[in-house]
Amino acid sequence: MRLSDESVSRRVAVMVPVWLVLGLLIVAHAFYVRDYLAIAGTLGLRGATEATTPLRAAFPSFGADAETWIRHALALLEGHDIRLRYTTIDNAPFGREVHWNSAWAWAIALAGKLDHLVTGAPITEAIERMVIWLPGLTLFGFMVGISGWATRRGGVMIGVLVAMAMVGHGRIYEGFYPSYVDHHGLITSAVFALILGACFMGGGWWRPKDGEGGAMLPRSAEEARSAAVFSGLGGAVGLWIGAASVIPPIAFVGLGGVIALLVCGRAAQARGDRFDGQIWRIWGRSGAVGSLFFYLLEYAPNHFGLRLEVNHPFYALAWLGAGELIASFSEWWLGGCRPEGIKWRRVAWAALAVVLAPATIAVGGTKVFVLIDPFLAHLHNDHIQEFLPLWRSMNRNGWPAFFDLALYDNIALVVAVVLLVNGARRLPIVLWFVTIITGLSVCLAWSQSRWLLNASGPQVCLVIALLTYFFAKVRPTWRWAAVLAVGGGLYGFATVARVINSRSDVLNRRVSPADANSVLFRDIARVIRASQPEGDVVLVSSPNSSTGIGYYGRFKTLGTLYWENNEGLKAAGRILAAQSLAEAEKLIKERKVTHIAILSEENFIAPYFQLLNPQAPAADVKKTFGYQLLAEKVVPVWLRTIPYRVPDDLKSLKVDILLMQVAFDQTPADALYNIALTKIEMGNLADAEHDLDELVKSAPASPYPRLRLADIMLARRDWSGATEQTLQGIQRMPANQQLNLYATAAANFYRQKRPVEAVRLYRAALDTAFDPNLAAYLSWVLATTTVDDLRNGPEALVWARKALEKDPNSSTYLNTAAAALAETGKFADAVETAERALANAKVVHDEQSLRITPQRLAAYQAGKAWRE
């Protein structure tokens, strides 16, 4: 496919400004997303200036995989391995294998390391800062590389269109969203290169430069063969990154070539198009060699194994065999189907190579391909959105998303289908080839929405094919107009709108509720770590919250949604879906679980139960351990409830959260007390008070229930009851803690303008032991209170003088004595004492005394006592 033919200098002159403009738009969007996520990060802090968890940055709602990539990158930096083969972040306490791409994990790690070296920031902070920019930088690199290659092969017009599409197509850009350092964008780009190269190799066809209709096909067999190499290497990179996502597009290329051949291959041959079987053989060989190279790079020499969920030599053999089969079949078909034209030995080994991988899966089952495990298969197909059909996803995303995904992205496919229906065999064979690949890709995306990203590359290639078909023969001005109009309408508007919308979110400080979930997970992680400041935390929760909470706390978890963690998912499910407390206790001990977090939203208890017990009645989920905890509040004695209240600025999420710490040494009284604390935190004071009353009766010597009862009474302004419970509670505390408790409680009453109760507590404290600070506090209240019946100047003066005996130069004690002297009418002495307080404050730089003493001194000089 070719729309123009320029010199190298002109290509550079056009493409460099295009790349720069698109790069600036990528950077602008990253800036606004950075600011947006910074705004989101200020939520859930409960008045603190910054989060205290090991990892802190907010992420968009779809960023769970990015969080896991960051943890893998940190593991590489903090460990001794150079490849990513094992992790302990889930399937605790055993850990599990990892089959993600080591190169991408190192890219994340080294980006953070560079920031760390430049700024000196902690490595965790540095990585979280750099992941905002790394996706865009990677996209820019792919955009320049792929559009540059397309420019050389198809002319600068096609290069401009490819560059615009890579930044503007929603599904391509989605994989490179700022902070989303997942591998999906890499896979999408690899698939795009695979399909683009296959289109430029003409599906195995070529036509001499001066032949009619030559713009749609390569000009020579050599040109087609070099495009086949580009396609094969693109697919090989994709297999390295994510084989399961790239095998279908590779198959679609082969199917597209065969189907196009059957439909109009002989007609194309009759028109003068030339078929070269070596193109397909080179395509298969390039892909096979590249795949094998990347396999050895990732696994040699110590990690070989028969895992067919990822890139494997069996897939390289299959690709090699497929290229040979397509070439042999095509030559046989175009040669008139003569039996003597078939090289049976070559066909036999090629067929054997193709069936080796599926045959191994059929024989080895889940031992070699765990994705066919019924538990994992049903989990994917029934409960993970990206595995659901597109029409089911639309129920959540709404009609605008439906229009965007189902119609707008597929305008070219609709046009191509109409053309093919009406033109049939008269149309260029490459148009059939690209349309078939695109149609298969879109059908797959409709069956599972996770394939939408892979469909984007074929969609762009089909746009290029249609533009070439319609405009290759018109004047250059009209060709440019068509390219810019189509590129601007399909991709340019979306690129600019993306920046404008992100800027609007920042200016209006508008945070999506879905994006606020990440800071909720961060707050939960903070509370969990506060409950256990040291040692490993092993968390059981739903898969989504396990990933999010585990990320911020750097906790170990059990169940996360990765196929390598199939056993961890089952273990988490067995705990939450346990049919008895005894079973749950046994499983928790086996897995060394320390904490359980159940969120009302997406708690995953019912799905776990259904996956593990597919034949059981749905109503039986109410008997499970998880349901009993969340809905019925049946808490075993070996679980310590952790008081948790959703931050005020996150209450719009409307989620209830139950946090518990495993405590096999906990007594029934301790359990009831912790439940009461949780009820207090949740605002359920009446039930909490009932539980605490029971504890007072059953454990009368314990101080804590009484102190918490005092808090409840204080909240409802039962001053007398609160004072009594406070006194009773403090008297049951160890002697070395009592004075501080008295001081805190009395100050609390005083702040609420209850001096009578404060005086009672100060006197009780001083009856226990003398403390000059408490004496000064009591003196101050007695001297300055506005309650006439409570004010007592002589007693205030006694306590003030006792405090001064301990420290005659204290500005605080001198101020207190001055107030007591003024209350007893000794204003001259009050003035002298206040002046001493001011002088001493200047010596020791007591800013508070320097600020308040002059006002009091002025009152004493005027013959007035001080009142507060």
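The values are calculated or read from the model by the stated rules, or taken from the named source; none is laboratory data. Since the model is a prediction, treat every value here as computed from it, not as a measurement. Glycine also receives a Cβ, built like all others from the backbone with ideal geometry; neighbour counts cover every protein chain displayed. Ligands, DNA and RNA are excluded from the accessible area calculation, which covers all protein heavy atoms including side chains. Shrake-Rupley method; radii C 1.70, N 1.55, O 1.52, S 1.80 Å.
Cα centroids of the stretch 510-578 and the stretch 33-77: 14 Å apart. Restriction of the trypsin sites (Lys or Arg not before Pro) in the stretch 267-357 to DSSP coil positions whose beta-carbon has at most 14 other beta-carbons within 10 angstrom yields Lys343.
Using only side-chain charges placed at the Cβ, +1 for Lys and Arg and -1 for Asp and Glu, the dipole size of the chain relative to its Cα centre rounds to 2460 debye. With the helix formula -39500 (n - 2.57) applied to DSSP H stretches of n ≥ 4, the chain reaches a computed 222 nm mean residue ellipticity of -21500 deg cm²/dmol. Helix 429-447 and the longest principal axis of the C-alpha atoms of the chain enclose an angle of approximately 30°.
Taking a point 7 Å from the Cα of Asn809 along the Cα-to-Cβ direction, the residues of the stretch 838-862 with backbone N closer than 15 Å to it are 838-846.
Taking the Cα centroid of the stretch 747-823 and of the stretch 293-349, what is the distance between the two, rounded to the nearest whole Å? That distance is 92 Å. I need the shape label for the stretch 531-670. Rule: rounded when a/c is under 1.5, else prolate if a/b > b/c, else oblate, with a, b, c from the alpha carbon gyration tensor. Here the stretch 531-670 falls in the rounded category. Entry comment: accessible area of the chain is 43 Å² per residue, from protein heavy atoms only and a probe of 1.4 Å.
Of the residues Gln737, Val696, Leu774, the one whose Cα sits farthest toward the positive end of the charge dipole of the stretch 662-781, with +1 on the Cβ of Lys and Arg and -1 on the Cβ of Asp and Glu, is Leu774. Taking 30 Å as the limit for the C-alpha separation, the pairs Lys592/Lys623; Lys570/Lys679; Lys586/Lys654 exceed it in the case of Lys570/Lys679; Lys586/Lys654. For the modelled label position 7 Å from the Cα of Thr49 along Cα-to-Cβ, which residues of the stretch 627-671 have backbone nitrogen atoms closer than 12 Å? Answer for this model: none. Kindly identify the stretch 126-230 as rounded, prolate or oblate by the Cα gyration tensor criterion: order the square roots of the eigenvalues as a ≥ b ≥ c, call it rounded if a/c is under 1.5, otherwise compare a/b with b/c, prolate if a/b is larger, else oblate. Prolate, because a/c is 1.5 or more and a/b exceeds b/c.
Along the axis of the charge dipole computed for the chain (Cβ charges of +1 for Lys and Arg, -1 for Asp and Glu, origin at the Cα centre), the listed residues Gly457, Gly136, Pro374 are led at the positive end by Gly457.
If only the Cβ of Lys and Arg carry +1 and only the Cβ of Asp and Glu carry -1, the dipole of the stretch 180-243 around its Cα centre is close to 80 debye. Extending 7 Å from the Cα toward the beta-carbon at both Asp373 and Trp480 defines two label points whose distance is 5.9 nm. Principal-axis analysis of the Cα atoms of the chain puts helix 102-119 at an angle of about 50° to the longest axis.
Computed from the C-beta positions of Glu632 and Thr667, the FRET efficiency with R₀ = 30 Å rounds to 0.85. Which of rounded, prolate, oblate describes the stretch 1-88, given a ≥ b ≥ c as roots of the alpha-carbon gyration tensor eigenvalues and a/c under 1.5 marking rounded, otherwise prolate only if a/b is larger than b/c? Oblate, since a/c reaches 1.5 and b/c is not below a/b.
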